[in-house]
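Peer 1: Okay, handing you the structure first.
The values are calculated or read from the model by the stated rules, or taken from the named source; none is laboratory data. In this text the structure is predicted, and so the values were computed from the model without any measurement. All Cβ positions, even for glycine, are placed from backbone atoms using ideal geometry, and neighbour counts span all protein chains on display. Just so you know, the surface numbers come from the protein's heavy atoms only, side chains and all, with ligands and any DNA or RNA stripped out. Shrake-Rupley method; radii C 1.70, N 1.55, O 1.52, S 1.80 Å.
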Amino acid sequence: GKAALANPNVYPTGYKGAIVATLRELFKKNGTASVSGALISPPVLAPVDKDQLYTLCVHYTAHGGGGYVTSATRRAYFYAGHLNQLVPVSDDACAGAAYQPFNELNRVCLGDACKDQEKSKSGWGLF
């Protein structure tokens, strides 16, 4: 028989962990040490090209070395239940997002100053 195609519209059950893991990798590359004010919207089906895909919005303030602070909004796209893209967008692109506090992202701390802090948090998983 034919191989079944993946259903693109599977609800992304582990979406918070996927977002945290992806942003941690990004933060390691761009020198972000910690995050504050993180918000996330629940995944909703939205038209993307010719498909309907689950998407959500994340908004946070990133803190780096030397007092560097910037706020960012990113839109996540999921395919078949997995995080496919996490792209920077204007705040307008997420204007209608039903944001909720995203404490899992606020707990992320990278760099030497965070080692002790992360140890005290290690009882918390990503999910």
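Peer 1: Considering only the range 24-47, state which residues are touching a residue at least 24 places away in the same chain (Cβ under 8 Å), open to solvent by less than 30 Å² (accessible area, probe 1.4 Å) and under 19 Å from Ala97 (Cα atoms).
Peer 2: Correct list: Ala38, Ile40, Ser41, Pro43.
Peer 1: Sticking with this structure for a sec: When you check Phe78 against the structure, is it within 13 Å of Gly37 (Cβ to Cβ), open to solvent by less than 80 Å² (accessible area, probe 1.4 Å) and in contact (Cβ under 8 Å) with a residue 60 or more places away in the chain, yes or no?
Peer 2: no
Here's the yes/no breakdown for (1) more than 15 Å from the chain's Cα centre (by Cα); (2) over 24 Å from Cys114 (Cα atoms); (3) among the small types (Gly, Ala, Ser):
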site	(1), (2), (3)
Tyr15	no, yes, no
Ala33	yes, no, yes
Lys50	yes, yes, no
Leu56	no, yes, no
Ala80	yes, yes, yes
Leu83	no, yes, no
Ala93	yes, yes, yes
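Peer 1: Now, a different point. Hey, any hits in the range 87-104 for a residue that's closer than 20 Å to Gly17 by Cβ and either open to solvent by less than 20 Å² (accessible area, probe 1.4 Å) or among the acidic types (Asp, Glu) (or both)?
Peer 2: So far as the range 87-104 goes, yes, one or more of its residues are closer than 20 Å to Gly17 by Cβ and either open to solvent by less than 20 Å² (accessible area, probe 1.4 Å) or among the acidic types (Asp, Glu) (or both).
Peer 1: Taking the condition of being of a type in the set (S, T, N, Q) and either touching a Phe, Trp or Tyr at 6+ places or on another chain (Cβ under 8 Å) or open to solvent by less than 20 Å² (accessible area, probe 1.4 Å) (or both), how many residues in the range 48-71 meet it?
Peer 2: 2
Peer 1: Filter the range 12-43 for residues that are among the hydrophobic types (A, V, I, L, M, F, W, C) and out of contact with any Phe, Trp or Tyr (no Cβ under 7 Å at 6 or more places or on another chain) and give the result.
Peer 2: Taking the range 12-43 and keeping what is among the hydrophobic types (A, V, I, L, M, F, W, C), we get 18-21, 23, 26-27, 33, 35, 38-40.
Answer for the range 12-43, where residues must be among the hydrophobic types (A, V, I, L, M, F, W, C) and out of contact with any Phe, Trp or Tyr (no Cβ under 7 Å at 6 or more places or on another chain): Ala18, Ile19, Val20, Ala21, Leu23, Leu26, Phe27, Ala33.
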